[in-house]
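Each remark here refers to the structure printed beneath this line.
The values are calculated or read from the model by the stated rules, or taken from the named source; none is laboratory data. Remember, it's a predicted structure, so these values are computed and weren't measured experimentally. Quick reminder, even Gly has a Cβ in these numbers, built from the backbone with ideal geometry, and neighbours come from all protein chains shown.
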Amino acid sequence: MPELPEVETVCRQLEPEVRGRRIERIEIHDPRWSRPATPEVISRGVEGRTIEAIGRRGKYILIALDDGSTLLMHLRMTGNLVIGSERLGGERIYEAEMSTEERHLRAELALDDGRSLRFTDPRRFGHAALLGPGDLEPYLGERLGVEPLSGDLTPAYMLEVAAGRTAPLKSFLLDQKHIAGIGNIYADEALHRARLHPLSPAGSLRAEHAEDLCEGIADALELGIRNGGSSIDDYRDARGDEGSMQDEFLVHTREGEDCPRCGERISRIVVGGRSTYFCPSCQIRLRRRPRRRRRPRPRPEAKRR
């Protein structure tokens, strides 16, 4: 699944290419892409509008339009958003792998310069929504926590949202309502950098652990962005090219290989239904903090008669 670095890469590539371009037409080939809104509703709201900016929040791609509305897209597991060189109906889509073939095309936006944005998705989990002026923040606020690279992810915040939680750290990091944008890949990489076992209870974090984890998250995500994301399955960037972050993995998908830090064999377990890779030697498994027992109140002395 594309995570923060992959989505950030796509947005950075598209922003200078499509900012200021007018959307002449949108064709939604799969109504599931925009439901519950119908393709007709999306078309009426998008066609003729000018793209003012493209940005990201968590794993969402945000296309800001000139009337104050936002066309929001989520790539989910196998989605790609690629810019093509020809108008709708052209024979050539773009150079890429199977996940960007025309048969996986779910929606395409024709731009006024003859190019188009094409959303492909083999498994059809990706989706889009058209949000009116003022609707974006309430929509995202219900779904997303802080941005990990914005400065809002601090050790104090980490301790606050993790306090009392018994869920494993790996599952905690995947919950978008705490921290936005982290998925399976970068959770593994961040936990290894922080030397924390993925099964450690989230509520077991202490100040030094929270500091290491915040740093590990930022380092893993920033490296992912510098490498254009990870292409281990279907992900391609906005030009249809693969990322190279998979060549920099410390533990993810490296079961049986040597840990780059201590030399122990990397292990694989399943946490919350997700394959999880870690080093059993140098990633410490924290224990749940025992609850403080309340001291019994001293009984009042019996009154002397």
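Any residue at all in the stretch 98-111 that is in the same structural domain as ARG19 (by TED's automatic domain parsing), farther than 27 Å from VAL270 by Cβ and in a loop (DSSP other than H, G, I, E, B)? Yes, the stretch 98-111 contains at least one residue that is in the same structural domain as ARG19 (by TED's automatic domain parsing), farther than 27 Å from VAL270 by Cβ and in a loop (DSSP other than H, G, I, E, B).
Those residues that are in a loop (DSSP other than H, G, I, E, B) and either buried (at least 19 other Cβ atoms within 10 Å of the Cβ) or touching a residue at least 40 places away in the same chain (Cβ under 8 Å) (or both), I need them from the stretch 75-86; list them, please.
LEU75, ARG76, MET77, THR78, GLY79
Condition check for PHE119 on (1) over 18 Å from the mean Cα position of the chain (by Cα); (2) buried (at least 18 other Cβ atoms within 10 Å of the Cβ); (3) in contact (Cβ under 8 Å) with a residue 40 or more places away in the chain: one failure, at (1). Of all residues in the stretch 171-192, those that are at negative phi and assigned by TED's automatic domain parsing to the domain that holds SER230 have Cβ atoms under 7 Å from Cβ atoms of residues that are outside any helix (DSSP H, G or I) and among the aromatic types (Phe, Trp, Tyr), 6 or more apart or on another chain, in ASP188/TYR277; ASP188/PHE278; GLU189/PHE249; LEU191/PHE278; HIS192/PHE278. For the residues LEU221, LEU196, LEU205, the requirement of being touching a residue at least 60 places away in the same chain (Cβ under 8 Å) and under 21 Å from ARG57 (Cβ atoms) singles out LEU221. Quick check, is ARG239 more than 16 Å from the chain's Cα centre (by Cα), modelled with pLDDT of 95 or more and not in a helix (DSSP H, G or I)? Answer is no for this residue.
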